[in-house]
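Bear in mind these aren't lab numbers, they're just calculated from the coordinates by the rules spelled out. For clarity, every value in this text was computed on a predicted model and none was experimentally measured. Quick reminder, even Gly has a Cβ in these numbers, built from the backbone with ideal geometry, and neighbours come from all protein chains shown.
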Amino acid sequence: MSLWRARLGPAAAATVTSAARGRLRSAVLPAASVHISSQRPLQYGWLAYMLGERASKKFSEYSKIFTVDGNLSSGKGKLAQHIADKLGMKYFPEADIHYQDRIAGDGTLLDERFNGFCNLERFYNDPKCADGHSYRLQAWLFGNRILQYSDALEHLLTTGQGVVLERSPYSDFVFLDAMFKQGYIHKRCVDHYKEIKEISICEFLPPHLVIYLDVPVPDVQKRLQEKGEPYEKKVSASYLQNIEDAYKKTFIPEMSETSEILHYTASEAEDVEKVIEDIEYLKFDKGPWLEQDDVSFHHLRLFVQDKDGVLDPVAIPQFIPEITIGGTEYDKIYYEFRSWKAPLSISNPAGADVHLLRLLGLSGGISAPT
């Protein structure tokens, strides 16, 4: 059983899973079985579709998914924000280990015990840590990117507003590749990652557009020294070069088969008006988005709003030492979290279940041996 299910508890997790599955067959129903307040949001379902709810009716020219990729400190966030502002799209900052904390509850950032037992500072200080921390971090970040991408798709299908993200689960592997080449992680971690990636993103639709910012490694290092966190200044040039190589040799060629690609240097990316002009000239005449209709959008919306189902593949029951905890520790974490969450459950019963599911419904592959 995975760590995120430990936080819900065996019985509660089964109940949530059953409820989530039931929503796929339901009409528009409240997210809880008992109606508590007039402000409780409704869950999209079959009845809404039967009554005429259609994603395509809300779509406009830029009802699309864009991602901005590049090496560390390459200016991705700044460009993504500018594009979103110019085109009336929603900007999603890069998902970090606290992504769930930031989007649920009161925004309090939880201890790493509740966030995959990992943190970036420890990774940069000791990337070859013997307890498997590097892969634990990467698996957790991948799960957060999966969750964020489902949120982006849900936002697009629900509102019609396009989304611009920093990185995505499609590009996340560049870090895994660099870690492996640097000797930070074991081959079994690579095999495990490839398995969960394949079964995780297969239900999604890829980005319409990928924008890659090409910043040379020496320039990346200079930026990190000038503006990076103290621990980021320790990153090696070879690690950064491996990230760049994975982008150019694998990611871009693969994504070019289904998505439009725009490639800019750091100086070119500063001319936002030129970037917008390039986007306006794109035909967006490739990829699986062209094959979709309102029926497939309906099924996709049902899927991405079920966060429990979205995250299930990330927590496949497989023994990997780097991301496995024992039963005793499993129980300890679960009861610590339940104790911590008790005040929320009492003060806000309408939001408690959703908070539990979305804030802690991610395992990054962490599981207890069976």
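Calculate, in nm to one decimal, what D293 and E61 gain on full extension: separation in residues at 0.36 nm each, minus their alpha carbon distance.
Value of the extension gain: 81.9 nm.
Can you tell me how much longer the chain between L120 and D271 gets when fully stretched, taken as 0.36 nm per residue apart minus their C-alpha distance, in nm with one decimal?
51.2 nm is the gain from fully extending L120 to D271.
Can you tell me which lysines have their Cα less than 22 Å from the Cα of K307? Leave out same-chain residues fewer than eight positions away.
Candidates past the 8-residue exclusion: K64, K90, K194, K197, K341.
Using the basic label-point model (7 angstrom from Cα toward the beta carbon), what is the A130 to T250 distance in nanometres?
2.9 nm
Label-point separation (nm) for F303 and F284, each offset 7 Å from Cα along Cα-to-Cβ?
Once both label points are built, they end up 2.0 nm from each other.
Please give, to one decimal in nm, the separation of the simple spin-label points placed at I261 and W46, each 7 Å out from Cα toward the Cβ.
Placing both labels 7 Å along Cα→Cβ, they lie 4.3 nm apart.
How many percent of Cα pairs in region 50-194 exceed 24 Å?
Pairs farther apart than 24 Å: 40 percent.
Fully extended, how many nm does the chain gain between S339 and K90 (0.36 nm per residue separation, minus their Cα-Cα distance)?
86.1 nm
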